[in-house]
Every structure is written in structure tokens, then in C-alpha cells.
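Just below is one structure, and these are the notes that go with it.
The values are calculated or read from the model by the stated rules, or taken from the named source; none is laboratory data. The structure presented is a predicted model; accordingly, all values stated were derived computationally and were not measured. Neighbour counts run over all protein chains shown; Cβ positions are idealised from the backbone, glycine included. Note: accessible area is taken over every heavy atom of the protein model, side chains too, but ligands, DNA and RNA are not part of it. Shrake-Rupley method; radii C 1.70, N 1.55, O 1.52, S 1.80 Å.
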Amino acid sequence: MRVVILGSGRGSNAEAILAAEKAGQLGRARVVALFTDRADAPMLALGPRFGVPATFIDPAPFKTKLEGEGEARFIAAVSAAQPDLVVLAGFMRVLKPGFLNAFAGRIINLHPSLLPSFPGLDGIGQAFRRGVKIAGCTVHGVTAEVDGGPIIDQAAVRVEPSDTLESLAAKVHAAEHALLPATIARLSLSSA
Ligand code: GAR
């Protein structure tokens, strides 16, 4: 199963996926390309480290969504990589019908909350401020409804009274780093 990863920032989840592949823990999945909408994304450094092409694609003209010329550039680049699965790992843009239709049924997203609670930006901060006792993360199929597609898998973390926003974020990120590679591995084995 050919996997393409899209991200915008740190790339710690892309790194977890690549490390799982290197350790033989990604089932039949193999990462064939990384793409980012930010020229300064630290995740670009993963390319040379793991021997996978990592490329910045200009997302202009919009700031928070992928539409128009930027969307066309992404569709062309991702199509060229011939993905069976497109993984959004911290890709901070709303996808529009052009991209969604081009890869329909093949896009999954990682979100840092137990959806349907706390969709949108800052899922961890929203959960922390609401005072939940169980937080977590979700992998779901991507549809036109932001963070609203079918839930594929989730991992929960307990919020302790001593937790700060920072310590909770660290726990949720650790849960993400296990959940996302495991989900990709499972999908790759069930699609074989
Ligand atoms: C992750 O926590 C992911 O859940 C979140 O961005 C972070 C990316 O971290 N995604 C969203 O909030 C999407 N709405 P990373 O760049 O280190 O993988």
C-alpha cells in the first residue's frame, strides 16, 4: 500500500510512521512521499533522514484552505505519487471538493481529541479547558465536514489532577505516535 503523508509543521507523526516502517511495523504500507504547505516545516528534514522525497508545495492563494491553484498543484503532486492512502498528519488546511474527489475514500486525518468532541483548532487546549477526565486522539476518514468523517480508531489518555496543558499535550502526542502507525498498518493488511 502506497502512503503519502501531508503535514504542516513539526512532523512528529510523520516521523513515527517512518520509524514504524523502518522497524517493520507498518504492515504492507510504505511511505512513498511527504508533502508540506510550509516552506519552513521541520518535517522536510525527515526526507533525507528516511530516504523519502519530502517536498514543499506552494499552497497559494489561500491561507487556511486548499483551493484554486494551490489545490491543483497538490493534486498533481500527490497523484504523481500514486497513493493508495493519503495521511493528513498535522496538515493544517481545510480540504475542498477538488482534492477530496481526486482521492475519495483514500484520505485519513489525525485529530488530537476524542471526536466528535473538540473538533477544529487546538483540540488539546479545548479538552483541557473544558476539564475532561479522559482526553485522546482520533484517526478518521476525511469528508467535506471538517473533522466529521467516519471514525476509524481512537486512543484515550487519562487527565490527572496534576496535569498541565503541556503535560497533557505530551501524553496526547505520545498516544498519537502509537495510534497513527498502528492504524495505517491495520488498513494496509485489511486492504491486501
Ligand atoms: C498533531 O497533534 C495532530 O493531531 C494535529 O497537529 C499535530 C501535528 O503534529 N492535527 C490537527 O490539529 C488537525 N486538526 P506533528 O506535526 O508533530 O505531527
**Message:** Modelling each spin label as a point 7 Å along the Cα-to-Cβ direction, I'd like the ARG129/SER79 distance in nm, to one decimal.
**Reply:** 4.1
**Message:** Using a 1.4 Å probe on the protein heavy atoms, what percent of the accessible area of the chain belongs to carbon and sulfur?
**Reply:** 56
**Item:** Cβ-based charge dipole, the chain, positive-most Cα from ALA178, PRO161, PHE74
**Value:** ALA178
**Request:** Please compute P(r) over all alpha-carbon pairs of the stretch 39-97, binned at 10 Å starting from zero, and give each bin as a whole-number percent.
**Result:** 20, 55, 24, 1
**Message:** For a quick check: with amide H placed at 1.01 Å from N, whose amide H comes under 5 Å from SER8's, ignoring anything fewer than 5 positions away on the same chain?
**Reply:** PHE91, MET92
**Fill in**
Note to self, the chain gives a 222 nm [θ] from helices alone (DSSP H runs n ≥ 4, -39500 (n - 2.57) apiece, / all residues, nearest 500) of -11000 deg cm²/dmol
**Asked** How much accessible area per residue does the chain have, in Å², with a 1.4 Å probe?
**Response** 47
**Request:** When you have a sec, figure out the Kirkwood radius of the chain from all distinct Cα pair distances and drop it here in Å to one decimal?
**Result:** 16.8
**Asked** Which one of VAL32, VAL87, VAL146 has the biggest mean-square fluctuation once the chain is modelled by GNM with Cα springs under 10 Å?
**Response** VAL146
**Message:** At 7 Å along Cα-to-Cβ for each site, give me the label-to-label distance between ILE151 and THR64 in nm.
**Reply:** 2.5
**Asked** Which trypsin sites (Lys or Arg not before Pro) does the stretch 107-172 hold that lie in a coil by DSSP with at most 14 other beta carbons within 10 Å?
**Response** LYS133
**Message:** With a cap of 11 neighbouring Cβ atoms within 10 Å, and only residues DSSP puts in a loop, list the trypsin sites (Lys or Arg not before Pro) found in the stretch 33-66.
**Reply:** LYS63
**Asked** Tell me, what is the percent relative contact order of the chain, built from C-alpha pairs under 8 Å that lie six or more residues apart?
**Response** 22
**Item:** Relative contact order [Cα under 8 Å, 6+ residues apart], the stretch 72-171, whole percent
**Value:** 23
